[in-house]
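> Pasting a structure here, questions to come.
The values are calculated or read from the model by the stated rules, or taken from the named source; none is laboratory data. This one's a predicted model, so the numbers in the text were calculated from it and none came from an experiment. Virtual Cβ from ideal backbone geometry, glycine too; neighbours counted across all protein chains shown. Just the protein is used for accessible areas: all its heavy atoms, side chains included, with ligands, DNA and RNA removed. Shrake-Rupley method; radii C 1.70, N 1.55, O 1.52, S 1.80 Å.
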Amino acid sequence: MLFGELPQQFGQPWGQQDGIEKTGDWVGDKASDIGDGIADGAKKPGSALNPFDQRGKDMHTTISSFTLAYWKEKQPAGRTKVGWQGTSPEFGDIRVAYPAGRDMPNVIVTDVRGGLIPTATFETRGAHTDVVSMPTLNRATLRVGDGLVRMSRNRWAPTHRGRSLHMTYLGDAYRLTAINRRAYELSRQPDDEDPGAVITVRQSGLGSGKKVTVQAVGRVLAADISLAALFSGVDRSVLTRRGAVRAGFSRIFSFWAESQY
């Protein structure tokens, strides 16, 4: 009989009832091993079950547009924290906060966090951070996960495109370009293997009803979403000539006002 013969290959003659029970145990053990293997595979960065790794280098994904709403949170001490939060259908909850972390003299930070995107931080250092409400592009450090993002820009260029912020992260080249005071475009440049992607971020509304809308063309990476959302909490004024002039006068006035106390 089948259950009397099956165990013979293991060198152990069984009766029919024992064969049924022990064969069931053997099948159960194998199923458990397979399940553990699938679970381990799901934890590996870049696997089919978990396409996201902690660096944000993941599978390219087409996304729906999504909205981040304005939030504000007073602290028992120190600066009030503000930012944007919402949910992407493909990347889950996303929250931008500034100033993030502990209050420190001459330092201001914005960060973005989410379940399926790498954490990114934009940090500005200098005396001017005491008179601004969010990090500026001057004296700044940008990180995505544990990786440092290289940045450069032409401060003297006459056009919006010429004044763009250029970034490099894990071999990908990005460009952040102002559309106007309340909108900007983050593009991941195409290469031999990838046609790139463009993410447009627009702020609208007033007061507590303010919101940020994020739209993408092309297949994006999780790091693309982190960077695009992060800059909603960064002072981008110097990406336009008029904005740079306004920012300069504003900071001069702020320093003067601080000196009067």
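> Within the set of pairs 6 or more residues apart or between chains, which connect a residue that is open to solvent by 10 Å² or more (accessible area, probe 1.4 Å) inside region 165-176 to a residue that is not in a strand (DSSP E or B) with Cβ atoms less than 6 Å apart?
Listed by first residue and then by second, the contacts come to 170/57; 173/189; 175/164.
> Moving to a separate point now. Taking the conditions exactly as written (assigned to a strand (DSSP E or B) and either farther than 26 Å from residue 66 by Cα or at pLDDT below 95 (or both)), does residue 148 satisfy them or not?
yes
> Out of region 56-80, which residues are open to solvent by less than 60 Å² (accessible area, probe 1.4 Å), within 19 Å of residue 209 (Cβ to Cβ) and not in a loop (DSSP other than H, G, I, E, B)?
Residues satisfying the conditions are 66, 68, 69, 70, 71.
For (1) open to solvent by 70 Å² or more (accessible area, probe 1.4 Å); (2) touching a residue at least 24 places away in the same chain (Cβ under 8 Å); (3) touching a Cys at 6+ places or on another chain (Cβ under 9 Å); (4) farther than 20 Å from residue 226 by Cα, each residue gets a yes or a no:
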site	(1), (2), (3), (4)
155	yes, yes, no, yes
178	no, yes, no, no
185	no, no, no, no
199	no, yes, no, no
